[in-house]
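Taking it in order: structure first as structure tokens, then the write-up.
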Amino acid sequence: MTGSELRDALDVVVREEAAAIHVDASAAWQQGRRRRLRRRVAVAAAAVAAIGIVATSVAVITDPPRPLDPASTDPVASSHPLRLDYLYWDDDLPSRTGPLAGLVERSGPDIYGWYAASPEGHLWLVDTDVDVLPSLSPDGSHLAYMRGGYKDAEWVVSDQVDGTEVTFPEIGTGVDSDLDRRYFQAAQSPSYWSPDGSAVLVNIGAMDPDEDPEPTAAVLGVDGSFSAITTPDTAGSSSFPLGWIDDRHIAVIGQSDTTNDLRVYVVDIRTTFPVREVRLLSKVDYSRVSQWFGTISTDGEVLATVSDRRIRYYSLQGPRQGRLRGSMTTPATFAGSCPLTWTGTDLYVPTATDRDTGASAILTRANGGTPILADPRLDISCSFWARTALEGPEHRGIGGRLFGTSESWLSWHWREVTISNVLGALLLTCGLVLTIRRRRR
């Protein structure tokens, strides 16, 4: 008989009985078996509870809440996340997420891609393998991006609220392919949404170098409409779209080939002809205009340019149009190849995270303040956000409630620390239970 069997056999005499009392062996055996069964059930229940606690902790701690029923969400993004926590795995972007708060680019030693961010801070991977910046409508309801790889990519405008989409097969990447594309969009080119969110302005060129007139931009409507904007005659060989003056007029920056004068051309999207031009009166030597030259405020009155680590503001309306109205120094972690983000009252400057220094701010308000932070391990190099999301309140989540705007090591690793402590406590408890049980035997 083994030690365990002997202990089970002797379990019937755990209580001392008076010598004069006759013990019913059968009843005592049944009583001992019931005690053993209760102990085993209790141990099994404790194990199941421990597994449930760990599984629930991992599910809650590692994955921020996401919209479960997009059809019932607000039709516009009305808040933005305060913090973006580290991703342990990627989720592909569903066709219906509800309105999105922003877009972030991850660019690290072992990862690259664009991710859409919900107002709660959940990140979804956008299906694009080309180096063309996606864009988000002012209310976060529509996402415009180039889907696919370089040889088969096409422009898509998706409605993230109802799951519908329209495609624009006219535009490709310019890479040789079997597809018949009339236009291409160059790499790293931003695009701009109209104030009412009905159309997006993209930078394009003609596949045929002899096409006349030469296009400089295209207006893509959420209803599937397409309109090419030709380069103004006096704009020179370097011209790029800047954004919208209002829902009917766009702005294009052009640089004279002979004098280097910079002019902003205001173009009517219905006629595709310039209606006026603004000469920038600046002593800054803009040696070459690029696609990141600047962006226009939501009211169409101010142009913000970026050069020599300074942001400069120019008036586009009124008697002082074309004149410099102010400037500021860019942050040390400024994301140079990323467009600025305007709201109705503020300008937001994109910044990049840094694992070495621990820098975690990814968006800074020009007037002061850091509205959005991200775990440095995310390697975020660019971000821009829906106007209504930034104008709304911040969504703090668990991490925001615990740490606010702290950039400490613990504020980004609290989930791992919590899980480790829970597991350690469970192991310690199980060890104590087993030790006590052995001693009682």
Can you list, largest first and rounded to whole Å, the semi-axes you get for region 359-432 by taking the square root of 5 times each eigenvalue of its Cα gyration tensor?
34, 13, 10
Counting C-alpha atoms alone, how compact is region 71-228: give Rg to one decimal and Dmax as a whole number, in angstrom.
15.9, 50
Cα-Cα pairs above 17 Å in region 189-229: how many percent?
33
Once the piece of chain linking THR298 and SER406 is laid out straight, how much longer is it, given 0.36 nm per residue of separation minus the C-alpha distance between them?
35.8 nm
Under the Kirkwood approximation for Rh and a Cα-based Rg, what ratio Rg/Rh is obtained for region 63-407?
0.95
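Read the figures in this text as sums done on the coordinates, not as results from a lab. For clarity, every value in this text was computed on a predicted model and none was experimentally measured.
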